[in-house]
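One structure below.
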Amino acid sequence: MTTAARVAAVVAKWCQADAADLTADTRLEDLDLDSLSRLEAALGLQREFGVSIDDTRMNDAETIADVVDIVETSPAKAADGS
């Protein structure tokens, strides 16, 4: 599964949409993702990809493509217990 497909699956969970209907150009505001939903989606993305996502970047994202870029450019989460 591609990064974009995995991102779409996580975002779809939070907006109760079908991941297959989400494209790179899908606007997050069209999915009714408010700031709380975006933070919840960010947590899901962090778990799915093992990265640390900046809340501000997630809130500034406009499209699924923006979220994919955030995931691909976010640093890996620090290992527990370090």
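Brief remarks on what is shown
- Checking each residue of region 3-10 against the condition of being among the hydroxyl-bearing types (Ser, Thr, Tyr) and either closer than 20 Å to Pro75 by Cα or touching a Phe, Trp or Tyr at 6+ places or on another chain (Cβ under 6 Å) (or both) gives at least one match.
- Arg47 surrounded by fewer than 17 Cβ atoms within 10 Å (Cβ to Cβ) and either of a type in the set (Lys, Arg) or in contact with a Pro (Cβ under 6 Å, 6 or more places away or on another chain) (or both): yes
- Here region 50-76 is the region considered, the condition is being of a type in the set (Val, Ile, Thr) and either free of Cβ contacts under 8 Å to residues at least 24 places away in the same chain or over 19 Å from Ala17 (Cα atoms) (or both), and the residue that is surrounded by the most Cβ atoms within 10 Å (Cβ to Cβ) is Ile53.
- Scanning region 29-49 for residues that are touching a residue at least 12 places away in the same chain (Cβ under 8 Å) and not aliphatic (A, V, I, L, M) gives Glu29, Asp32, Ser35, Ser37, Arg38, Glu40, Gly44, Gln46, Glu48, Phe49.
Only the coordinates and a few stated rules stand behind these numbers; no lab work does. Just so it is clear, the structure is predicted and the values come from calculations on it, not from any experiment. As a convention, Cβ positions derive from the backbone with ideal geometry for all residues, glycine included, and neighbour counts pool all protein chains shown.
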